[in-house]
Amino acid sequence: MLGLLKMKLCIRTAFAGVMFVAGCSAASGEPVGSASAIKPAATQSVPQGSRTDLRLRDPIIRNAELVTAERGALEVTFLDGSKLSMGQNSRLTVDKFVYAGPGGAGEQSLRYTKGLFRFVSGSIPKDKVKIETPAVTIGIRGTVLRAAVNDDQSGAVSVEYGPNGETYEVFITSKATGKVITLQSGQKIGFDSNGVFEGIVDGQVEGCN
C-alpha cells in the first residue's frame, strides 16, 4: 500500500511539472525580437498573460503590448534587423511579425496606441510593413520615420534622411476619409483625431531618438 501511495504521489508531481512547463511555454509565446535598450523601465503584456517588467535582451513576443514608464524609453530590435524606439508614456502592440530570413517572405505590423515612436525598417519587404495608429495607417519604402500619437488619437508623422543622405518616403492613409498623403524625408504632417490631415511642413517629430 505504501508503495502504491508513493507511485501516485510521483505521478501527480510529474504531471504538475509538465503542466507548469506547458503554462510557461504558452505564456512566453513566439519571440520576434529583443529589448536592446531600456531607460529606466518598460513592461510587456503577452497574450493571456500578466504584465511583466522588461530587462535588457528579454525576448519581445508577437501580439504583446509594450508600455514605457513616465520619462522612460525602450528600443526593440526585431529579427529582421528593424528597430523600434519608444519614448516616455508610450504604448503599442506587435500585431504581426513573420520573418523567413534574408531574402525571404515576411510581414510586419505594429499598432501605435499612444506616445512617441521612431521606426527603422529592416529586411522584411517594405510593401509588407504596416504601422497603424487609431486615425491613420502608414506604409513605408525603406524608411526611417517618427510618429506621435496623442491621447485624443490625433498625432503627427515625419520622415528622416538616411545615414548617408538617402531620401525616403511613406504613404499615410486616413482611416476615416481614405485620403492618401505621400511624405518625404525632411517633411512632417499632423492629423486630427478624425484622420484629417494638416499641411505638410519641414521638420521632424520631436521627443524620440
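The values are calculated or read from the model by the stated rules, or taken from the named source; none is laboratory data. For clarity, every value in this text was computed on a predicted model and none was experimentally measured. Backbone-built Cβ (ideal geometry, glycine too); neighbour counts: all protein chains shown.
Restricting attention to region 159-177, the residues that are part of a loop (DSSP other than H, G, I, E, B) and without any contact (Cβ under 8 Å) to a residue 40 or more places away in the chain total 9.
Here are the criteria: (1) without any contact (Cβ under 8 Å) to a residue 24 or more places away in the chain; (2) more than 20 Å from Glu206 (Cβ to Cβ). Tell me which single one Leu110 does not satisfy. Tallying (1) without any contact (Cβ under 8 Å) to a residue 24 or more places away in the chain; (2) more than 20 Å from Glu206 (Cβ to Cβ), Leu110 fails exactly one: (1). Taking (1) more than 22 Å from Gly87 (Cα to Cα); (2) among the β-branched types (Val, Ile, Thr); (3) surrounded by 13 or more Cβ atoms within 10 Å (Cβ to Cβ) in turn, Val201 satisfies each apart from (3).
Criterion applied to Tyr112, Tyr99 was being under 17 Å from Lys83 (Cβ atoms), surrounded by fewer than 22 Cβ atoms within 10 Å (Cβ to Cβ) and touching a Leu at 6+ places or on another chain (Cβ under 7 Å), and the one residue passing it is Tyr99.
Of the set (1) more than 9 Å from the chain's Cα centre (by Cα); (2) under 22 Å from Arg141 (Cβ atoms); (3) touching a residue at least 12 places away in the same chain (Cβ under 8 Å), all apply to Leu74 but (2). Taken together, Leu116, Leu110 contain a single residue that is part of a strand (DSSP E or B), closer than 24 Å to Thr182 by Cα and touching an Asp or Glu at 6+ places or on another chain (Cβ under 7 Å), which is Leu110.
Within region 163-188, can you find the residues that are within 18 Å of Val129 (Cβ to Cβ) and among the charged types (D, E, K, R)? Glu166, Glu169, Lys175, listed by residue number. Where strands (runs of 3 or more DSSP E) fall entirely within region 29-70, those with at least 2 residues that are surrounded by fewer than 17 Cβ atoms within 10 Å (Cβ to Cβ) are at 31-39, 51-53.
Any chance you could count how many residues in region 64-79 are over 17 Å from Asn209 (Cβ atoms), of a type in the set (D, E, K, R) and modelled with pLDDT of 95 or more? Total satisfying the criteria: 1.
Restricting Phe119, Phe191 to those that are within 17 Å of Leu84 (Cβ to Cβ), surrounded by 14 or more Cβ atoms within 10 Å (Cβ to Cβ) and either at pLDDT 95 or above or small (Gly, Ala, Ser) (or both) reduces the list to Phe119.
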